[in-house]
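The values are calculated or read from the model by the stated rules, or taken from the named source; none is laboratory data. The shown structure was predicted, so the numbers you read here are calculated from the model rather than taken from an experiment. Here the Cβ is made from the backbone with ideal geometry for all residues, glycine too, and neighbour counts use every protein chain on show. Just the protein is used for accessible areas: all its heavy atoms, side chains included, with ligands, DNA and RNA removed. Shrake-Rupley method; radii C 1.70, N 1.55, O 1.52, S 1.80 Å.
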Amino acid sequence: MKAWSRPDVPQLDRDPRRPRVHDTSTGGLVEVGGEDAARLYVCGITPYDATHLGHANTYVAFDLLVRTWLDAGVAVTYTQNVTDIDDPLLERAEATGVDWMDLAEDQTQLFRTDMEALRVLPPDHYVGAVESMPLVTDLIQRLVPTGLVYQVDDAEHPDWYFACSAAPGSGEVSDLDREAALAIFGERGGDPERPGKRDALDCLVWRLARDGEPRWDSPLGEGRPGWHIECTAIALEHLGPAFDVQGGGSDLVFPHHEMSASQGRAATGEPFARAYVHAGMVGYEGEKMSKSKGNLVLVSKLREQGADPMAIRLVLLDHHYREDWEYTDADLERATERLERWRAIANNPTAFPAGETVQAIRDALRDDLDAPRALAAVDTWVAASESIETDETESVDEVLALVDALLGVRV
Ligand code: 5CA
Ligand code: ZN
């Protein structure tokens, strides 16, 4: 699929230090990316409703990672999927009486315009599940000889499952005890109660067609894919095994990233990703913001109401990407004031010398993408510049170009 248009990134001299980020799998900070190249996969949207601030928070977090790599002179290959066929999409389409393909297309298009407005760099490969069907069925067939893929003991619907717990390296991403895993699995799209599975935590990889459901031809039988195998297949095809970072929100640690990691390892004999990086959850009015709960603050709504997209971006950047936090209107007011103050300096002919600020922004991002610390450094520079004597001649451009290149905020 086509992604969205790429915002300009000012070209600056490089700082070759690579970023360190928190890896969920090891629980510590790890340097990510090679000296020259890095490969990133971030789980994309399920397009049944509009982009909310939680989604935006996740994509802005990984945008910081991409921008930090670029600042280090590392070439980035970035793949993101669109889950354009899955139960929640079909259920919403049915409930609202629209065609599921139209729903997916409309919401994906809205997502593109939101990402553009927020100056999020587009992935190099933006890939839908529907267009990846041959990749998915090939991968499942590749897994059959491992003995880890089997048909469920159900005469009417012998769907295909993956034996996650029996796979080598199982538990490498999430490390949950079984009771917790079972509970979360049930809440996040899994079917622990389904009879006929070898193990309650085994996940669906190919659902054989039921009456009236969309279906694709396959040697496995006509049907449609389970969720996890879609990302495994797309990532392996477009990035290859042992790519640098698998990313998404922390709600994907288990089962999604656990299952795709073990499917990837089982298929290739290599680790799926080198690091698993997760953004925190954004809440609203006491609960995690989610399409299923409906407590959404939509990026497109805020824009319609006149919010400056750069102020929306500043709201997100003011929270460390790993933090769980709750949005309030006051956040947007504060960010709007901050942006205005920064803009006022941009019109000044002179500013406080840039050196320390440039270093501080670069250090903060390399240290687990610490955007709040970078914003604080910009604030300090702005405050110093507000009171500067007019005969000092340092230009405002250097700091503002870095704020644009690294933080994605065009003042
Ligand atoms: N299509 C799958 C991933 S393959 C999916 O989870 N789609 S989603 O539309 O539900 O979420 C898209 C991305 O936003 C995921 O990375 C998810 O972890 C993240 N996300 C969802 N809700 C929130 C939230 N409230 N706060 C932060 N991130 C969120
Ligand atoms: Zn995914």
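So what is the accessible area of region 106-163 per residue, in Å², with the probe set to 1.4 Å?
Working: 2250 Å² over 58 residues.
Solvent-accessible surface per residue comes out at 39 Å².
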> Which one of 37, 55, 311 is farthest out on the positive end of the charge dipole of the chain, using unit charges on Cβ (Lys, Arg +1; Asp, Glu -1) and the Cα centre as origin?
Replying inline: 37
>> Positive end of the dipole of region 62-137, charges at C-beta (+1 Lys, Arg; -1 Asp, Glu), about the Cα centre: which of 88, 65, 126 has its Cα farthest in that direction?
In response: 65
>> Rolling a 1.4 angstrom probe over the protein chains, ignoring ligands and nucleic acids, what is the accessible area of residue 304 in square angstrom, nearest 10?
In response: 140 Å²
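Note down the magnitude of the dipole of the chain about its Cα centre, charges +1 on Lys and Arg C-beta and -1 on Asp and Glu C-beta and zero elsewhere, to the nearest 20 debye.
Values: 38 positive and 74 negative charges, 117 e Å.
That gives a dipole near 560 debye.
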> Using a simple charge model, +1 on the beta-carbon of Lys and Arg, -1 on the beta-carbon of Asp and Glu, nothing else, what dipole does region 330-379 show about its Cα centre, in debye to the nearest 20?
Replying inline: 200 debye
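I need the peptides 88-99, 138-149 ranked by packing, meaning the mean over residues of other C-beta atoms within 10 angstrom, with the highest value on top.
Working: 88-99: 13.7, 138-149: 17.6.
Top to bottom by mean Cβ count within 10 Å: 138-149, 88-99.
With N set to the number of residues, divide the alpha-carbon radius of gyration of the chain by 2.2 N^0.38 Å and report two decimals. Please list the in-between numbers first.
Values: Rg = 22.5 Å, N = 411, 2.2 N^0.38 = 21.7 Å.
Relative to the rule-of-thumb radius for its length, the chain sits at 1.04.
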> Percent of accessible area on the chain owned by carbon and sulfur, 1.4 Å probe?
Replying inline: 47 percent
> What residues of region 124-159 lie in the reach of a label at residue 222, counting those whose backbone N is under 18 Å from a point 7 Å from the Cα along Cα→Cβ?
Replying inline: 133-134, 137, 156-159
> Per the Kirkwood treatment, what hydrodynamic radius in Å, one decimal, follows for region 1-94 from the mean inverse distance over all distinct Cα pairs?
Replying inline: 15.5 Å
